[in-house]
Amino acid sequence: MDILELYKTMDYGPAPESPAAVYAWLDDHERRFGLFINNRWVTPENAEYYPSYNPATGEKLAETVQAGQKEVDQAVAAARQAFESWSKTPGQVRARYLYAIARNIQKHNRLLAVLEAMDNGKPLREARDIDVPLLARHFYYHAGWAQLMETELRDYQPVGVVGQIIPWNFPLLMLAWKIAPAIAMGNTVVLKPASYTRLSALLFAEVVAEAGLPPGVINIITGSSKAGTMIVTHPDVDKIAFTGSTDVGRVLRRQTAGTGKKLSLELGGKSPFIVFEDADLDGAIEGVVDAIWFNQGQVCCAGSRLLVQENVADVFLRKLKARMGKLRVGDPLDKAIDMGAIVDRTQWETIDRWVQTGVKEGGELFQPDIPLPEKGLFYKPTLICNLDPAAETVQEEIFGPVLVSLTFRSPAEAIALANNTRYGLAASVWSDNINLALDVASKLKAGSVWINSTNLFDAASGFGGYRESGFGREGGREGLFEYLRPAWQERPRPDFQPPADGQQKSAWGEHVPARPSMPAATKTNGRDGRELPRVDRTPKMYIGGKQVRPDGNYTLAVRNPKGEVIGQVGDGNRKDIRDAVEAAHAAHTASPGWAMRHGYNRSQILYFIAENLDARREEFARRIVAQTGRSLASAQNEVDISVGRLFTYAAWADKYGGSVQETTLRGVTVAINEPIGVIGIACPDEYPLLGFISLMAPAIARGNTVVMIPSEKHPLSATDFYQVLDTSDVPAGVVNIITGDRDHLTKTLIQHEDVDAVWYFGSAQGSYYVEYESAANMKRTWVSYGLKRDWLSAEQGEGHEFLHEATQVKNIWTPTGE
Amino acid sequence: MASKNERNPGMPLQLDWVMRAHVNRSAVERRVASLPARRSIKKDWQAAWLLRAVTCIDLTTLAGDDTPGRVRRLCAKAKQPLRQDMLAALGADGQPITVGAVCVYPSRVKDAVEALRGSNIPVASVATGFPDGQTPLAQRIAEIEQAIEAGAREIDVVIHRPYVLTGDWQALYDEVRAFRETCGDAAHMKTILAVGNLATLKQVYQASLTAMMAGSDFIKTSTGKESVNATLEAGLVMVRAIREYYERTGYKVGFKPAGGITKAKQTLAWQALMKEELGVEWLMPDLFRIGASSLLTDLERQLYHYITGHYAARHHMPMG
């Protein structure tokens, strides 16, 4: 090369990383890998193999096994056997193992990074500077939680054998997010890497084995989506953790419905990147680069929707286009590039199809005039402007280096546009005005909000979504609960056999309205001892702070255990639920909305409810006796505990706001426990008052509004209760009560796409349908699987589990420094 | 905006432009943290870039013990910054490879001018109460006149930092404008912001804009005497100001980081910054200078390693 010529042009040249060590490792294995079970390589007889390619060159790197049922069984059995000892291994011993893994990752840092770049197509720079350091960080962080588990999480136990399925965009990092918290908390795992990117997980397996982890704690199974299904449906797997597309997430939700398996899903996104006029625009431009051209845009939390304030939009887009012209796309192993290769041809074609759609939708396409390598799956950084919010390319996840841009006029409009999506994974807010930035951050529906920054990750901060971006968190203290269950609780094994696939039509939740019932209602005795008819008192529905007649004008008889009719309630229908959900939303949009009131205010209201309930102690106790036939003492006890429970959540109303996360950011990372929104709650039949209060109180204490379906058998305690609500300053719509056929009403709630969560304390069958149907909008669910809990006990009837279910964590990252 | 290759004539102070500046430190830090890692320069390219860096050096001595002899020795090195055998090995023998300028105190300008006679290497003089700028204005201006009188063709002026710290942009503008008028056609002016003395990156940006509006040919980070010198963070902010000024006016203002740049690796990072944020034109000595005293030796050693594959001994490189 002519130095003088370069001296004149000052061009960039290639700066390639050597792949020699990776090739040597592949050759050590003769370029063919078995399954990692019990710390040994297992090669099934007559194994079918699947090739791994380098997407930048098309070169075949190696082949790996397509696991079948036998191998999955073998891996689950290994994990089950290891669980027996691993779950009993003291946390401080587990901590040493995690620490050893973290150290060993660092010792093999470069090999892991180079392999990751070759197998996935991501720039080596990113693999080396981001993925692998975060991989090690995750194990260090969780070594700490293993160390502290017995003191800090003493009310919890491990879940058991965990099946984990990860995507191809961050093979090692996603593996870390899955495995580290699981094994730290005493679980054992069977992990399946994505088909496109299987190799780094296998290298990781060797790193783990070298670190001396006991056999069976981590098992790595390669295979197709069929193997994934085998893991998900395996009866001896206690929990599934998945990261991937929302569509696959829905399938998994349905496959695990009603089984008692825990599930956490980290799904897609279309995250907004909001630029206000007072932002450092040059800084924000680099933010965009990190948001959408990181990992070729194949990032679930990619800032793929640019929202720019109208008055700076022209300047910003001009700067952005100029910046795009400086991006270098090329060989992932070249250390002078910004973007590598798209993982697979299928993905490349999907991206290209989306770009064509964007153009058809009237978008203005910009791709810079920069060279791409002649061979390999490379795609230019792409910007599509002038699209409307209705455009598919604005709504749907593209999962490639494609940015769509819109403008807004005001902060309120920015928030509205940002939240105008089915997703809620992340958001980025750029403004030099801290009041504005934090206000917007607090109003965005997203699990991670980055202020004046983007795509920041750390093990100390939980990552995960709102809405259809999934549920559960990975990282932080909040992420541990995905791998824990309360110490008193066994793995639910519901005695309900779900219908075979494709036969979902069922009679569950169908209901024919009630008719008049004989015999007549019991009579009462007048002062002179003569029998008198009771004064008819038919409770109504309670919607938006008003007592309303059931929409259908049907009435349901309420009987005591002897079968005598002791009262009547409205027989609710779909429209009652609809109205109640509208009222529950109105309570959020009111001014001040329920969630926006401070905790002090909510606690005052809960104390007031308790005060008013206590004043009517005898009346409520007698009602319980009348409905259940229990003794007065037992009924009084139920009322007293109910009052106590209201006190408990009045206490929690201003003590569960969140925490400061100790991330690697210079600045402040705050985890905020936000309300979920509108929660539909189907109450248990046991303890007609206490069951109702135990579920309502944590939900509203934490800022949710609720649609309560009282016990179907004993609804009168709940309908009596709305008079208490009426006298306790509870704003309209915060608590709505719909009586009737529980499963019928639940079915409407679970199918309602503007309900954010459903709690169901009913049958195993109902639990199955609730979980199954929730997949439509990925609402969070909490079900009893037909099992009873001891509502009287503080351990089972109140506390952290309830608060956890009533909240979702938003992490706001605010860098500092002037 | 049409690109103009003539000197930046400056413009009236536009306060609203200065006041609207937004610089977010953490965003700046992330950019400079990732930029060198995004632009690794290796092998032939590295040799070419380092050779180019040699031509951008303002070879500097600014010490109380500078003597005529010391200045003469430095000037000799300036004329022959690389050994002849190395130039030949790089295919650059016969090329006019010299440093960009020699930079000295006003009292040493005459020595330097004499020592460099016959070469095209300009002498740069610091002035205006270097390094702190805390002497009376008339004296500071007189220094410029004296340095030009002694033969300096480039004047590195320092700004009066209190104006920046108190936000008196008009006073800053007026003073730098006066410096520029004193330089006139006789000398190019580099304006030293002394970023280590400024409170915020926003002030760095605002001071950069004001200095350019006042007619600076270059803006320069530091005197080398502050406790914090040329940081990539401040440099990024300054080159972004240069870009904005160019986009608005069409005039190209040069950039000179100075102070603490001693290694070839640092040089490559600065060069990548220039190329990424401004473009290749800003890698050439008419728009990019590196103020340094010991850097040249490290550039020589890295080039030697490129040529021979052996790590070089410091004492094999002729002293400046």
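Bear in mind that the values in this text are calculations on the coordinates, not laboratory data. On a predicted model such as this, the values are computed, not experimentally measured, just so you know. When we count neighbours, we look across all protein chains shown, and the Cβ atoms used for this are built from the backbone with ideal geometry, even at glycine.
Structure data summary
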{"quantity": "Trypsin sites (Lys or Arg not before Pro) within region A:316-419: DSSP coil, no more than 11 neighbouring Cβ in 10 Å", "calculated": "A:375, A:409"}
{"quantity": "Residues of type aspartates and glutamates that residue A:122 reaches as a straight line, Cα spacing below 18 Å, ignoring anything fewer than 8 places off in the same chain", "calculated": "A:17, A:59, A:131, A:290, A:331, A:334, A:338, A:344, A:349, A:374"}
{"quantity": "Cα centroid of region A:179-252 to Cα centroid of region A:70-128, whole Å", "calculated": "10 Å"}
{"quantity": "Per DSSP, loop GluC sites (Glu not before Pro) in region A:731-785 with at most 15 further Cβ within 10 Å", "calculated": "A:753"}
{"quantity": "Least to most buried among B:98, A:739 (fewest other Cβ within 10 Å first)", "calculated": "B:98, A:739"}
{"quantity": "Per-residue average of Cβ from other chains inside 10 Å of A:282-290", "calculated": "6"}
{"quantity": "Sequence of A:588, A:800 once ranked by neighbouring C-beta atoms within 10 Å, starting from the fewest", "calculated": "A:800, A:588"}
{"quantity": "Of all DSSP beta bridges in chain A, antiparallel share, percent nearest 5", "calculated": "40 percent"}
{"quantity": "Reach of residue B:275 by Cα under 14 Å, taken over aspartates and glutamates that are not fewer than 8 positions away in the same chain", "calculated": "A:11"}
{"quantity": "Efficiency of FRET between residue A:491 and residue A:40 - r from beta-carbon atoms, R0 35 angstrom, step 0.05", "calculated": "0.80"}
{"quantity": "Gyration tensor (alpha-carbon) shape descriptor, chain B, a/c threshold 1.5", "calculated": "oblate"}
{"quantity": "0 to 90° range, to nearest 10: angle between helix B:137-149 axis and chain B longest Cα axis", "calculated": "40 degrees"}
{"quantity": "Distance between region A:478-496 and region A:370-445 - C-alpha centres, whole angstrom", "calculated": "37 Å"}
{"quantity": "Gyration tensor (alpha-carbon) shape descriptor, region A:139-267, a/c threshold 1.5", "calculated": "oblate"}
{"quantity": "Mean Cα-pair separation over length for chain A, i.e. relative contact order, pairs under 8 Å, 6 or more apart, %", "calculated": "12 percent"}
{"quantity": "Entries in B:77/B:252; A:270/B:42; A:326/B:43 that, when Cα-Cα distance is taken, lie over 27 Å", "calculated": "B:77/B:252; A:270/B:42"}
{"quantity": "Chain B - percent relative contact order, Cα under 8 Å, separation 6 or more", "calculated": "23 percent"}
{"quantity": "Shielding of B:30-38 by partner chains, average beta-carbon count, 10 Å", "calculated": "5"}
{"quantity": "DSSP-loop trypsin sites (Lys or Arg not before Pro) across region A:726-818, with at most 16 other Cβ within 10 angstrom", "calculated": "A:788"}
{"quantity": "Cα gyration tensor, region A:251-340 - rounded (a/c under 1.5), prolate or oblate", "calculated": "oblate"}
{"quantity": "Cβ-based exposure ranking for A:575, A:443, in which fewest neighbours within 10 Å come first", "calculated": "A:575, A:443"}
{"quantity": "Pairs beyond 31 Å (Cα-Cα), from A:226/A:262; A:60/A:107; A:192/A:443; A:70/A:107; A:261/A:546; A:70/A:375", "calculated": "A:192/A:443; A:70/A:107; A:261/A:546; A:70/A:375"}
{"quantity": "Residue mean of other protein chain beta carbons inside 10 Å, A:6-19", "calculated": "6"}
{"quantity": "Burial ranking of peptide ranges B:63-75, A:706-718 (average Cβ count within 10 Å, highest at the top)", "calculated": "A:706-718, B:63-75"}
{"quantity": "Chain B: angle of helix B:25-38 to the longest principal axis, Cα-based, in degrees nearest 10", "calculated": "20 degrees"}
{"quantity": "Antiparallel DSSP beta bridges within region A:247-384, as percent of all bridges there, nearest 5", "calculated": "25 percent"}
